[in-house]
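A.B. asks: My questions will all concern the structure given below.
The values are calculated or read from the model by the stated rules, or taken from the named source; none is laboratory data. Computed from a prediction, not measured in an experiment: that's the story for all the values here. With ideal geometry, Cβ positions are generated from the backbone for all residues, glycine too; neighbour counts draw on all protein chains shown. These accessible areas exclude ligands, DNA and RNA; they are computed on the full protein's heavy atoms, side chains included. Shrake-Rupley method; radii C 1.70, N 1.55, O 1.52, S 1.80 Å.
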Amino acid sequence: RSKHAGRNRFTTFDWSMRAEQDRTYELETGLRAALANDELQLHYQPIFDSATGRIAMCEALMRWNHPVHGPISPGEFIPIAESTALIEPITHWAVRKACHDAMQWPDSVRLAVNISPALLKADGLPRSVISALLASGLAARRLELEVTESIFLEDDRRTHLILNELRRIGLRLALDDFGTGYSSLGSLRTHEFDTIKVDQSFMRDVADNPRHRVIAQSVSQLARALYVETVAEGIETEEQLRYAQEAGFTNLQGFILSRPIPQDRLLALMEERHNVQAEAATLIQARR
Ligand code: C2E
Ligand code: MG
Ligand code: MG
Ligand code: MG
(Lines give C-alpha, C1' and ligand atoms only; values in the text may rest on other atoms or scores of the structure.)
(Ligands and ions follow the chains in the order given, each with its own letter.)
Protein backbone atom coordinates (compact mmCIF):
# COMPACT_ATOMS: atom_id res chain seq x y z
CA ARG A 1 0.00 0.00 0.00
CA SER A 2 2.68 2.43 0.97
CA LYS A 3 4.55 1.65 -2.21
CA HIS A 4 1.44 2.44 -4.17
CA ALA A 5 0.90 5.76 -2.37
CA GLY A 6 4.49 6.70 -2.94
CA ARG A 7 4.12 5.98 -6.57
CA ASN A 8 1.02 8.09 -6.81
CA ARG A 9 2.74 10.99 -5.15
CA PHE A 10 5.58 10.68 -7.54
CA THR A 11 3.19 10.61 -10.50
CA THR A 12 1.49 13.81 -9.30
CA PHE A 13 4.84 15.52 -8.77
CA ASP A 14 5.95 14.45 -12.22
CA TRP A 15 2.83 15.91 -13.82
CA SER A 16 3.14 19.32 -12.21
CA MET A 17 6.83 19.45 -13.16
CA ARG A 18 5.83 18.59 -16.67
CA ALA A 19 3.19 21.32 -16.77
CA GLU A 20 5.68 23.86 -15.49
CA GLN A 21 8.27 22.85 -18.07
CA ASP A 22 5.66 23.05 -20.81
CA ARG A 23 4.68 26.56 -19.75
CA THR A 24 8.29 27.71 -19.52
CA TYR A 25 8.97 26.28 -22.97
CA GLU A 26 5.84 27.91 -24.35
CA LEU A 27 6.71 31.28 -22.84
CA GLU A 28 10.25 31.02 -24.14
CA THR A 29 8.99 30.39 -27.66
CA GLY A 30 6.31 33.05 -27.24
CA LEU A 31 8.83 35.61 -26.03
CA ARG A 32 10.74 35.32 -29.28
CA ALA A 33 7.62 36.34 -31.17
CA ALA A 34 6.44 38.86 -28.58
CA LEU A 35 8.82 41.62 -29.59
CA ALA A 36 7.93 41.32 -33.26
CA ASN A 37 4.19 41.12 -32.51
CA ASP A 38 4.01 44.18 -30.27
CA GLU A 39 2.98 42.12 -27.24
CA LEU A 40 5.55 43.80 -24.99
CA GLN A 41 4.76 47.13 -23.40
CA LEU A 42 6.33 49.48 -20.93
CA HIS A 43 4.45 50.92 -18.01
CA TYR A 44 5.90 53.71 -15.91
CA GLN A 45 5.67 54.09 -12.18
CA PRO A 46 6.21 57.66 -10.95
CA ILE A 47 8.64 58.12 -8.07
CA PHE A 48 7.98 61.23 -5.99
CA ASP A 49 10.33 63.76 -4.42
CA SER A 50 9.59 63.55 -0.72
CA ALA A 51 10.30 67.26 -0.17
CA THR A 52 8.05 68.67 -2.91
CA GLY A 53 5.64 65.85 -3.74
CA ARG A 54 6.53 66.27 -7.42
CA ILE A 55 7.45 63.44 -9.78
CA ALA A 56 11.24 63.09 -9.63
CA MET A 57 11.53 60.14 -11.99
CA CYS A 58 9.60 57.24 -13.48
CA GLU A 59 10.62 53.59 -13.49
CA ALA A 60 9.99 51.67 -16.70
CA LEU A 61 8.44 48.27 -15.94
CA MET A 62 7.90 45.71 -18.66
CA ARG A 63 4.50 44.17 -19.36
CA TRP A 64 3.73 41.18 -21.56
CA ASN A 65 0.25 40.53 -22.82
CA HIS A 66 0.39 36.93 -24.06
CA PRO A 67 -2.16 36.12 -26.82
CA VAL A 68 -3.30 32.95 -24.97
CA HIS A 69 -2.26 33.31 -21.33
CA GLY A 70 -3.05 37.02 -20.97
CA PRO A 71 -0.86 39.32 -18.84
CA ILE A 72 2.32 37.65 -17.58
CA SER A 73 4.33 39.30 -14.84
CA PRO A 74 7.95 40.29 -15.39
CA GLY A 75 8.71 38.24 -12.28
CA GLU A 76 7.94 35.22 -14.46
CA PHE A 77 9.14 36.17 -17.94
CA ILE A 78 12.28 38.18 -17.16
CA PRO A 79 14.03 35.11 -15.65
CA ILE A 80 13.05 33.17 -18.78
CA ALA A 81 14.49 35.91 -20.97
CA GLU A 82 17.61 35.88 -18.79
CA SER A 83 18.09 32.14 -19.18
CA THR A 84 18.07 32.58 -22.96
CA ALA A 85 19.80 35.14 -25.12
CA LEU A 86 16.50 37.04 -25.37
CA ILE A 87 17.24 39.40 -22.53
CA GLU A 88 19.61 41.36 -24.75
CA PRO A 89 17.22 42.33 -27.60
CA ILE A 90 14.39 42.83 -25.11
CA THR A 91 16.46 45.22 -23.00
CA HIS A 92 17.66 47.01 -26.11
CA TRP A 93 14.03 47.50 -27.13
CA ALA A 94 13.03 48.65 -23.63
CA VAL A 95 15.82 51.23 -23.33
CA ARG A 96 15.06 52.67 -26.78
CA LYS A 97 11.33 52.80 -26.20
CA ALA A 98 11.66 54.29 -22.71
CA CYS A 99 14.13 56.98 -23.83
CA HIS A 100 11.78 57.88 -26.64
CA ASP A 101 8.80 58.14 -24.26
CA ALA A 102 10.80 60.12 -21.69
CA MET A 103 11.41 62.85 -24.27
CA GLN A 104 7.72 63.75 -23.85
CA TRP A 105 8.12 64.29 -20.11
CA PRO A 106 9.24 67.52 -18.42
CA ASP A 107 13.05 67.92 -18.39
CA SER A 108 13.09 67.66 -14.61
CA VAL A 109 11.75 64.09 -14.66
CA ARG A 110 14.32 61.32 -14.92
CA LEU A 111 13.89 57.85 -16.40
CA ALA A 112 14.87 54.65 -14.58
CA VAL A 113 15.30 51.36 -16.45
CA ASN A 114 16.03 47.93 -14.95
CA ILE A 115 19.08 46.10 -16.26
CA SER A 116 19.58 42.36 -15.75
CA PRO A 117 22.83 41.27 -14.09
CA ALA A 118 23.79 39.14 -17.10
CA LEU A 119 24.02 42.25 -19.28
CA LEU A 120 26.78 43.63 -17.07
CA LYS A 121 28.98 40.72 -17.99
CA ALA A 122 28.70 41.17 -21.76
CA ASP A 123 30.09 44.09 -23.76
CA GLY A 124 27.04 45.22 -25.73
CA LEU A 125 25.23 47.33 -23.11
CA PRO A 126 27.10 50.67 -23.26
CA ARG A 127 26.82 50.81 -27.04
CA SER A 128 23.16 49.84 -26.93
CA VAL A 129 22.43 52.60 -24.42
CA ILE A 130 24.39 55.21 -26.37
CA SER A 131 22.44 54.39 -29.51
CA ALA A 132 19.15 54.77 -27.61
CA LEU A 133 20.25 58.17 -26.27
CA LEU A 134 21.30 59.36 -29.71
CA ALA A 135 18.15 58.08 -31.40
CA SER A 136 15.86 59.76 -28.85
CA GLY A 137 17.87 62.86 -27.99
CA LEU A 138 17.53 62.15 -24.26
CA ALA A 139 20.32 63.62 -22.13
CA ALA A 140 22.44 60.91 -20.49
CA ARG A 141 22.03 62.45 -17.03
CA ARG A 142 18.27 61.91 -17.24
CA LEU A 143 18.73 58.15 -17.55
CA GLU A 144 19.28 55.99 -14.48
CA LEU A 145 20.09 52.29 -14.82
CA GLU A 146 18.88 50.08 -11.96
CA VAL A 147 21.05 47.10 -11.10
CA THR A 148 20.88 44.69 -8.18
CA GLU A 149 23.74 43.85 -5.89
CA SER A 150 23.84 40.29 -7.26
CA ILE A 151 26.09 41.75 -10.00
CA PHE A 152 28.81 41.81 -7.34
CA LEU A 153 28.38 38.17 -6.31
CA GLU A 154 31.47 37.22 -8.20
CA ASP A 155 34.07 39.95 -8.25
CA ASP A 156 34.00 40.18 -12.01
CA ARG A 157 36.44 42.72 -13.42
CA ARG A 158 34.34 43.06 -16.52
CA THR A 159 31.30 44.15 -14.50
CA HIS A 160 33.34 46.95 -12.93
CA LEU A 161 34.68 48.06 -16.30
CA ILE A 162 31.19 48.15 -17.78
CA LEU A 163 29.81 50.11 -14.80
CA ASN A 164 32.66 52.59 -15.18
CA GLU A 165 31.97 52.94 -18.86
CA LEU A 166 28.29 53.62 -18.16
CA ARG A 167 29.27 56.33 -15.69
CA ARG A 168 31.64 57.89 -18.20
CA ILE A 169 28.74 58.20 -20.63
CA GLY A 170 27.12 60.32 -17.90
CA LEU A 171 24.39 57.89 -16.87
CA ARG A 172 23.18 57.57 -13.31
CA LEU A 173 23.38 54.22 -11.56
CA ALA A 174 20.92 52.95 -8.97
CA LEU A 175 21.36 50.01 -6.62
CA ASP A 176 17.96 48.25 -6.68
CA ASP A 177 16.38 46.05 -3.99
CA PHE A 178 19.00 47.20 -1.49
CA GLY A 179 19.18 45.05 1.62
CA THR A 180 18.02 41.77 0.10
CA GLY A 181 21.39 40.39 -0.99
CA TYR A 182 24.42 39.13 0.83
CA SER A 183 26.67 42.11 0.44
CA SER A 184 24.68 45.30 0.52
CA LEU A 185 27.35 47.39 2.23
CA GLY A 186 30.06 45.74 0.15
CA SER A 187 28.29 46.90 -3.01
CA LEU A 188 28.40 50.49 -1.79
CA ARG A 189 32.07 50.18 -0.99
CA THR A 190 33.11 48.79 -4.35
CA HIS A 191 31.08 51.09 -6.54
CA GLU A 192 29.64 54.58 -6.64
CA PHE A 193 25.90 54.73 -7.02
CA ASP A 194 23.75 57.81 -7.45
CA THR A 195 20.68 56.22 -5.91
CA ILE A 196 19.94 53.44 -3.45
CA LYS A 197 16.51 51.82 -3.66
CA VAL A 198 15.69 50.22 -0.34
CA ASP A 199 13.76 47.01 -0.96
CA GLN A 200 10.04 46.97 -0.39
CA SER A 201 10.34 44.23 2.24
CA PHE A 202 11.61 46.92 4.63
CA MET A 203 8.48 49.00 4.08
CA ARG A 204 6.22 45.98 4.45
CA ASP A 205 7.32 45.38 8.02
CA VAL A 206 8.17 48.87 9.09
CA ALA A 207 4.91 49.33 10.98
CA ASP A 208 5.41 46.47 13.40
CA ASN A 209 9.11 45.70 13.16
CA PRO A 210 11.25 48.28 14.98
CA ARG A 211 14.41 46.61 13.68
CA HIS A 212 13.38 47.29 10.09
CA ARG A 213 12.63 50.87 11.05
CA VAL A 214 16.12 51.32 12.49
CA ILE A 215 17.73 49.73 9.44
CA ALA A 216 15.72 51.83 6.99
CA GLN A 217 16.59 55.01 8.89
CA SER A 218 20.28 54.12 9.11
CA VAL A 219 20.48 53.37 5.40
CA SER A 220 18.91 56.71 4.59
CA GLN A 221 21.41 58.52 6.88
CA LEU A 222 24.34 56.58 5.44
CA ALA A 223 23.22 57.47 1.92
CA ARG A 224 22.86 61.13 2.82
CA ALA A 225 26.41 61.17 4.19
CA LEU A 226 27.60 59.66 0.89
CA TYR A 227 25.55 62.20 -1.15
CA VAL A 228 23.52 59.34 -2.56
CA GLU A 229 19.78 59.68 -3.16
CA THR A 230 17.42 57.13 -1.67
CA VAL A 231 14.13 55.65 -2.82
CA ALA A 232 11.77 53.87 -0.44
CA GLU A 233 10.12 51.16 -2.56
CA GLY A 234 6.72 49.59 -2.04
CA ILE A 235 4.89 52.21 0.01
CA GLU A 236 1.30 51.00 0.26
CA THR A 237 -0.11 52.68 3.37
CA GLU A 238 -0.13 56.14 4.91
CA GLU A 239 1.70 54.70 7.88
CA GLN A 240 4.54 53.46 5.64
CA LEU A 241 4.58 56.82 3.88
CA ARG A 242 5.00 58.58 7.23
CA TYR A 243 7.87 56.29 8.22
CA ALA A 244 9.63 56.73 4.88
CA GLN A 245 9.43 60.51 5.22
CA GLU A 246 10.50 60.50 8.86
CA ALA A 247 13.43 58.26 7.98
CA GLY A 248 14.53 60.92 5.49
CA PHE A 249 14.22 59.09 2.18
CA THR A 250 14.76 61.45 -0.75
CA ASN A 251 12.20 59.77 -2.99
CA LEU A 252 9.07 57.71 -2.51
CA GLN A 253 7.61 54.92 -4.66
CA GLY A 254 4.57 52.78 -4.07
CA PHE A 255 1.01 51.91 -4.94
CA ILE A 256 -0.44 54.46 -2.51
CA LEU A 257 1.17 57.23 -4.58
CA SER A 258 0.80 55.69 -8.03
CA ARG A 259 0.80 52.28 -9.69
CA PRO A 260 2.78 51.66 -12.87
CA ILE A 261 0.71 53.17 -15.73
CA PRO A 262 0.95 53.39 -19.52
CA GLN A 263 2.58 56.43 -21.16
CA ASP A 264 -0.71 58.10 -22.15
CA ARG A 265 -1.99 58.04 -18.58
CA LEU A 266 1.37 59.22 -17.29
CA LEU A 267 1.31 62.19 -19.65
CA ALA A 268 -2.22 63.07 -18.52
CA LEU A 269 -1.08 62.82 -14.91
CA MET A 270 1.89 65.10 -15.59
CA GLU A 271 -0.32 67.70 -17.21
CA GLU A 272 -3.55 67.91 -15.28
CA ARG A 273 -3.83 70.03 -12.19
CA HIS A 274 -6.38 68.02 -10.22
CA ASN A 275 -4.95 64.61 -10.65
CA VAL A 276 -3.09 61.77 -9.06
CA GLN A 277 0.11 63.78 -8.98
CA ALA A 278 -1.67 66.47 -7.02
CA GLU A 279 -3.19 63.78 -4.83
CA ALA A 280 0.19 62.23 -4.20
CA ALA A 281 1.62 65.66 -3.44
CA THR A 282 -1.15 66.23 -0.91
CA LEU A 283 -0.54 62.87 0.72
CA ILE A 284 3.18 63.53 0.90
CA GLN A 285 2.88 67.08 2.25
CA ALA A 286 0.17 66.18 4.70
CA ARG A 287 2.83 64.10 6.42
CA ARG A 288 5.64 66.58 6.54
P1 C2E B 1 11.80 46.12 -9.32
O2 C2E B 1 12.78 46.70 -10.27
O3 C2E B 1 12.18 46.12 -7.89
O4 C2E B 1 10.44 46.95 -9.57
C5 C2E B 1 9.53 47.29 -8.57
C6 C2E B 1 8.38 46.31 -8.52
O7 C2E B 1 7.59 46.60 -7.37
C8 C2E B 1 7.42 46.40 -9.73
O9 C2E B 1 6.88 45.09 -9.96
C10 C2E B 1 6.35 47.33 -9.17
O11 C2E B 1 5.11 47.20 -9.84
C12 C2E B 1 6.26 46.83 -7.76
N13 C2E B 1 5.71 47.83 -6.85
C14 C2E B 1 5.78 49.17 -6.89
N15 C2E B 1 5.15 49.74 -5.86
C16 C2E B 1 4.65 48.73 -5.12
C17 C2E B 1 3.86 48.66 -3.91
O18 C2E B 1 3.51 49.65 -3.29
N19 C2E B 1 3.54 47.42 -3.47
C20 C2E B 1 3.91 46.28 -4.12
N21 C2E B 1 3.53 45.11 -3.62
N22 C2E B 1 4.65 46.30 -5.26
C23 C2E B 1 5.01 47.52 -5.74
P24 C2E B 1 6.81 44.45 -11.41
O25 C2E B 1 6.45 45.49 -12.43
O26 C2E B 1 5.97 43.23 -11.33
O27 C2E B 1 8.31 44.05 -11.70
C28 C2E B 1 8.94 43.05 -10.93
C29 C2E B 1 10.43 42.98 -11.21
O30 C2E B 1 10.65 42.55 -12.57
C31 C2E B 1 11.14 44.32 -11.09
O32 C2E B 1 11.42 44.60 -9.74
C33 C2E B 1 12.38 44.05 -11.92
O34 C2E B 1 13.32 43.33 -11.17
C35 C2E B 1 11.84 43.14 -13.02
N36 C2E B 1 11.59 43.94 -14.23
C37 C2E B 1 10.49 44.64 -14.60
N38 C2E B 1 10.67 45.24 -15.79
C39 C2E B 1 11.93 44.92 -16.18
C40 C2E B 1 12.73 45.25 -17.34
O41 C2E B 1 12.33 46.00 -18.26
N42 C2E B 1 13.99 44.69 -17.39
C43 C2E B 1 14.47 43.89 -16.39
N44 C2E B 1 15.71 43.40 -16.53
N45 C2E B 1 13.76 43.59 -15.31
C46 C2E B 1 12.51 44.10 -15.20
MG1 MG C 1 13.75 48.43 -10.31
MG1 MG D 1 13.26 47.34 -6.77
MG1 MG E 1 12.07 44.57 -6.30
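A.B. asks: With a cut-off of 8 Å between alpha carbons and a minimum separation of six or more residues, what is the relative contact order of segment 143-288 in percent?
C.D. replies: Relative contact order, segment 143-288: 17 percent.
A.B. asks: Over the chain, with every protein chain in place, what whole percent of the accessible area is carbon and sulfur at 1.4 Å, could you tell me?
C.D. replies: Roughly 51 percent of what the probe reaches on the chain is carbon or sulfur.
A.B. asks: So which residue, out of Gln21, Gln104, Gln240, gets the largest mean-square fluctuation from a GNM of the chain using Cα contacts under 10 Å as springs?
C.D. replies: Most flexible of the set in this elastic network: Gln21.
A.B. asks: Extending each Cα 7 Å along its Cβ direction at Glu76 and Arg265, get the distance between those two points in nm, one decimal.
C.D. replies: Inter-label distance under the simple model: 2.0 nm.
A.B. asks: Can you pull the semi-axes for the chain, root of five times each eigenvalue of the Cα gyration tensor, sorted largest first, whole Å?
C.D. replies: Equivalent-ellipsoid dimensions as semi-axes: 32, 25, 22 Å.
A.B. asks: When the chain is fully extended, how far beyond the present Cα-Cα distance does Asn209 get from Arg54, taking 0.36 nm per residue of separation?
C.D. replies: Taking 0.36 nm per residue and subtracting the Cα distance, the gain is 52.9 nm.
A.B. asks: Determine how large the accessible area of His191 is when every protein chain is in place; take a 1.4 Å probe and give Å² rounded to the nearest 10.
C.D. replies: 20
A.B. asks: Now, a different point. On a full-extension model of 0.36 nm per residue, what is the gain between Gln221 and His66, subtracting their alpha-carbon distance, rounded to one decimal in nm?
C.D. replies: 51.5 nm
A.B. asks: Sequence gap at least 6, Cα distance under 8 Å: using those rules, report the relative contact order of the chain to the nearest whole percent.
C.D. replies: 18
A.B. asks: Does anyone have the angle between helix 87-102 and the longest principal axis of the chain? Alpha-carbon axes, 0 to 90°, nearest 10?
C.D. replies: For helix 87-102, the angle is close to 30 degrees.
A.B. asks: Please calculate the 1.4 Å probe accessible area of Arg213, with all protein chains present, and give it to the nearest 10 Å².
C.D. replies: Taking all protein chains as shown, Arg213 has close to 70 Å².
A.B. asks: A further question on this structure: What does the helix-only formula give at 222 nm for the chain: each DSSP H stretch with n ≥ 4 adding -39500 (n - 2.57), the total divided by the residues, and the result rounded to the nearest 500 deg cm²/dmol?
C.D. replies: After summing the helix terms and dividing by the residues of the chain, the value is -16000 deg cm²/dmol.
A.B. asks: Also, I was wondering about something else. Got a sec to turn the phi values of segment 180-197 into Karplus ³J(HN,Hα) couplings, 6.51 cos²θ - 1.76 cosθ + 1.60 with θ = phi - 60°, whole Hz, x for Gly and Pro?
C.D. replies: 9, x, 8, 9, 4, 5, x, 4, 5, 6, 7, 8, 8, 10, 8, 9, 10, 9
A.B. asks: Taking Cα atoms, how many degrees apart are the long axis of helix 2-36 and the longest axis of the chain, rounded to 10 and kept between 0 and 90?
C.D. replies: The angle comes out at about 50 degrees.
A.B. asks: Give me the accessible area per residue for the chain, probe 1.4 Å, as a whole number in Å².
C.D. replies: 54
A.B. asks: Tell me the accessible surface of Thr91 in square angstrom (1.4 angstrom probe, heavy atoms of protein chains only), to the nearest ten.
C.D. replies: Using a 1.4 Å probe on the heavy atoms, I get roughly 10 Å².
A.B. asks: Contour minus end-to-end for Arg168 and Ser108, with contour as 0.36 nm per residue of separation and end-to-end as the Cα-Cα distance?
C.D. replies: Here the segment from Arg168 to Ser108 would lengthen by 19.5 nm.
A.B. asks: Under the definition of Cα pairs under 8 Å and six or more residues apart, what whole-number percent is the relative contact order of segment 1-158?
C.D. replies: It comes to 19 percent, rounded to a whole number.
A.B. asks: Could you check the spin-label model distance between Asp22 and Arg242? Points 7 Å from the Cα along Cα→Cβ, value in nm.
C.D. replies: 5.1
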